[in-house]
Structures are given as C-alpha cells and as structure tokens.
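The structure under discussion appears below in the form of structure tokens.
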Amino acid sequence: MAGFADALNGQIGYEFAASQQYIAIAAYYDSQTLPELATHFYRQAIEERNHAMMIVQYLLDADADVVIPGVEAPPTSFAAAVAPVSLALAQEKRVTEQIVELVKLAREEGELVGEQFLHWFLQEQREEVASMTELLTVVERGRDNLLHVEEYLARSAGGENALEAGAPPAAGGAL
Ligand SMILES: [Fe+2]
Ligand SMILES: [Fe+2]
C-alpha cells in the first residue's frame, strides 16, 4: 500500500499544519481579549492534532511506516477579527479536498479498509466546513461589536458533536 501509505503520511503533516494554524488564530484572539473565540480555536487545534494521531494509529494498525512530517509556520497576524475565520474556512475546504483525494487513491489501490477509515473524515469535514461557515456569518455580522460573537460562542459551547463518539482511535489516546 505504498502510495496510499505515503499519502496518509502526508495528511498527518496537513493535520498538524491545521492544528498549528488554529493555535496561531487562538493566540491572536487571546491577544485581542476575545476569550470565547480563543477557546474555540484552541479546541479546534486539539481536534486537528487528534486527526493526525488517528492517522498515525491507522498506519500502526496497517503495519505501515509512520512519518511525522514537519510543517511550515502558519500566519500569526491578521488585519481584522474576520480574517482568521475566513482563513480557517478556506483551510477546512482545502482539507476536504485532500481527504477526497485520499479516498480516490484508496479506491484506485483497492485499499477498502483504508477507504472505510476515511469515511469518518469525510463526515467530519462536512461538519467542520458547515460550522466554520456558520461562524464566519456570525463574525461578519458582529464585526462592529465582537461581544456579540463572544456571546454566541458562549451560548453554543458545550454541545459535543455526535461524530466524536464514532471517531477512529487516536494513537496514544485522543485529547
Ligand atoms: Fe482535520
Ligand atoms: Fe478541521
């Protein structure tokens, strides 16, 4: 499963890159004293880290080599409070395309167990693109008074997403 395993190893790097981007966004909002936005993105960073570790566990289970790629430093400064969420939405859409390409490759190589593993990621991407689109709407509407955004996030926090229950196991355990 050389090609598929290589591509999965590449995806580990993309997931860690997403995690680092979300830490950068969280730190930016934290520096602007917007604690709910900061908390939201710190949490997203952990989720992306968990995605990477799910792929690590899959490769271990498949007895394939595990590579932990380095990542490029993410942008850390932003023009205004809306920009990080636009960036985050673009990132989620890009990751969706990456997962779709992985599924296509799994099919080409007859890696049906791998394809099944990736189905959860497709669902997760649908959810993440939808929720980031919603957050972008809220931030655009509240750009002149970000306390509205903070209130929105405070009210909607806590409802754990049902997908977490069916998530693939993460190497070392999900955080
Ligand atoms: Fe992810
Ligand atoms: Fe994501």
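The values are calculated or read from the model by the stated rules, or taken from the named source; none is laboratory data. Quick caveat: nothing in here was measured; it's all calculated off a predicted structure. Because the Cβ atoms are built from the backbone with ideal geometry, glycine has one as well, and the counts that use them run over all protein chains shown. Side chains included, ligands, DNA and RNA excluded: accessible areas come from the protein's heavy atoms. Shrake-Rupley method; radii C 1.70, N 1.55, O 1.52, S 1.80 Å.
Observations, loosely collected:
- Over the chain: helical MRE at 222 nm, DSSP H runs n ≥ 4 each giving -39500 (n - 2.57), nearest 500: -25000 deg cm²/dmol
- Evaluating 6.51 cos²θ - 1.76 cosθ + 1.60 at θ = phi - 60° for every residue in region 23-34, the Karplus couplings come out as 5, 4, 5, 4, 5, 4, 5, 4, 5, 8, 6, 10 Hz, glycine and proline recorded as x.
- What you get for region 35-145, charging only the Cβ of Lys and Arg (+1) and of Asp and Glu (-1), is a dipole of about 460 debye around the Cα centre.
- Among 67-76, 39-48, 105-114, 20-29, the order from most to least packed when residues are scored by Cβ within 10 Å on average: 20-29, 39-48, 105-114, 67-76
- Per residue value of the accessible surface for the chain (all protein chains in place, 1.4 Å probe), Å²: 51 Å²
- Apportionment of accessible area to carbon and sulfur, the chain, percent (1.4 Å): 55 percent
- Residue among Leu102, Ala26, Val71 farthest towards the positive dipole end of the chain, charges placed on Cβ: Ala26
- The relative contact order of the chain comes to 30 percent, based on Cα pairs under 8 Å that sit 6 or more residues apart.
- With one equal scatterer per alpha carbon and no solvent term, the Debye-computed log10 I(q)/I(0) for the chain at 0.08, 0.11, 0.16 1/Å reads -0.26, -0.48, -0.94.
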